[in-house]
1. Kindly list the number of the only condition in (1) closer than 24 Å to Val136 by Cβ; (2) assigned to a helix (DSSP H, G or I) that fails for Val80.
2. Just name the residue that is farthest from Arg123 (Cα to Cα) out of those in the range 134-168 that are within 12 Å of the ligand (Cβ to nearest atom) and small (Gly, Ala, Ser).
3. Restricting to the range 176-191, name every residue that is surrounded by fewer than 17 Cβ atoms within 10 Å (Cβ to Cβ) and in contact (Cβ under 8 Å) with a residue 24 or more places away in the chain.
4. Could you tell me whether any residue of the range 115-125 is part of a loop (DSSP other than H, G, I, E, B), among the charged types (D, E, K, R) and within 25 Å of Val205 (Cα to Cα)?
5. Does Ala99 meet the test of being modelled with pLDDT of 95 or more, within 13 Å of the ligand (Cβ to nearest atom) and buried (at least 16 other Cβ atoms within 10 Å of the Cβ)?
6. Quick test for you: out of Ser12, Ser25, pick the one residue that is polar (S, T, N, Q) and more than 10 Å from the ligand (Cβ to nearest atom).
Amino acid sequence: MKIAVLISGSGSNLQALIDTAASGSLDADIAVVLSNKAEAYGLERAADAGIATAIVDHRDFEQRKDFDRALLAALQPYAVDLVILAGFMRILTPTFIGAYRGRLLNIHPSLLPKYPGLNTHQRAIDAGDSWSGATVHFVTEELDGGPPIIHARVPVEDGDTPERLAARVLEKEHLIYPLAAQWFAEGRLTLGNSGAELDGKLLPVGGASLEDYS
Ligand code: GRF
C-alpha cells in the first residue's frame, strides 16, 4: 500500500508512521510527504527517511479549490492508495475530498464528536471534562465530522494546562494513527454508508477504543 502524508508542522505523527513502517508494524510505503509550508519540520523528518517531499503553498492560490487542484496534481504521480492528514492545517474542499473519498484520514485532538475545530484541550479543561483524547476519522465534507475510526482517551489532571494535556494526548496519537493505517492496509477498514466499518462491522459513534487493542 502506498501512502501520502500531508503536514503543516512538526510532523510527529508522520514520524510515528515512518517508524512503524520501518519496524514492520505498518505494512505500507510512505511514497510522498506534502506540506503547505516550506518550513515545516516534518519535511526534514521525511528527507531523513529518504521519502520524497513536495511543497504546495496555499498562499500561491487565491481560491481554496485551486489550491486543492494543485494538491491533487502534486499527488497524482505517486498513485497513492491512502492520504493521511497529519497536522495539515488547511480546510480541504469537496474537490479534494471527493477524489479520495474513503481513502482520506485525519487525526483530531479531541474525543469526537466532541470539540471539532480548534483549541480542543482548552475547551475540554474549561468544560471540566475528566477525559480528553484524540480520534482518527475518515474525512468527509463536514469539518472534523467524518466517521470516527479509533480514539484514545487521556485523563485530564488537576491543574492541567492545554500544553501539558496536548503533549500527553500526542503520545496516544502516535499509537492510534499507525494502527488505523494498518487496518486500512489490511483491507479491514472501509467507509460505509452509515459510518466507518472494521471487518465489515459498523464502528461505534466515537470509533473503536485503543484500550481494546493494546
Ligand atoms: C496533532 O495534535 C493532531 O491531532 C492535530 O495536529 C497535531 C499535529 O502534530 N491534527 P504533529 O505535526 O503530527 O506533531
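The values are calculated or read from the model by the stated rules, or taken from the named source; none is laboratory data. Quick caveat, the model's predicted, so the values are computed rather than measured. All Cβ positions, even for glycine, are placed from backbone atoms using ideal geometry, and neighbour counts span all protein chains on display.
1. Going through the list (1) closer than 24 Å to Val136 by Cβ; (2) assigned to a helix (DSSP H, G or I), Val80 breaks only (2).
2. Looking at residues that are within 12 Å of the ligand (Cβ to nearest atom) and small (Gly, Ala, Ser), I get Ala152.
3. Glu186, Thr190
4. Looking through the range 115-125, none of the residues is part of a loop (DSSP other than H, G, I, E, B), among the charged types (D, E, K, R) and within 25 Å of Val205 (Cα to Cα).
5. Considered against the rule, which asks whether it is modelled with pLDDT of 95 or more, within 13 Å of the ligand (Cβ to nearest atom) and buried (at least 16 other Cβ atoms within 10 Å of the Cβ), Ala99 comes out as no.
6. Ser25
Here is a yes/no grid of residues against (1) under 17 Å from Tyr115 (Cβ atoms); (2) without any contact (Cβ under 8 Å) to a residue 24 or more places away in the chain:
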position: Ala134; (1), (2): yes, no
position: Val154; (1), (2): yes, yes
position: Glu157; (1), (2): no, yes
position: Ala166; (1), (2): yes, no
position: Glu171; (1), (2): no, yes
position: Ser194; (1), (2): no, yes
position: Leu198; (1), (2): no, no
position: Leu203; (1), (2): no, no
position: Gly207; (1), (2): yes, no
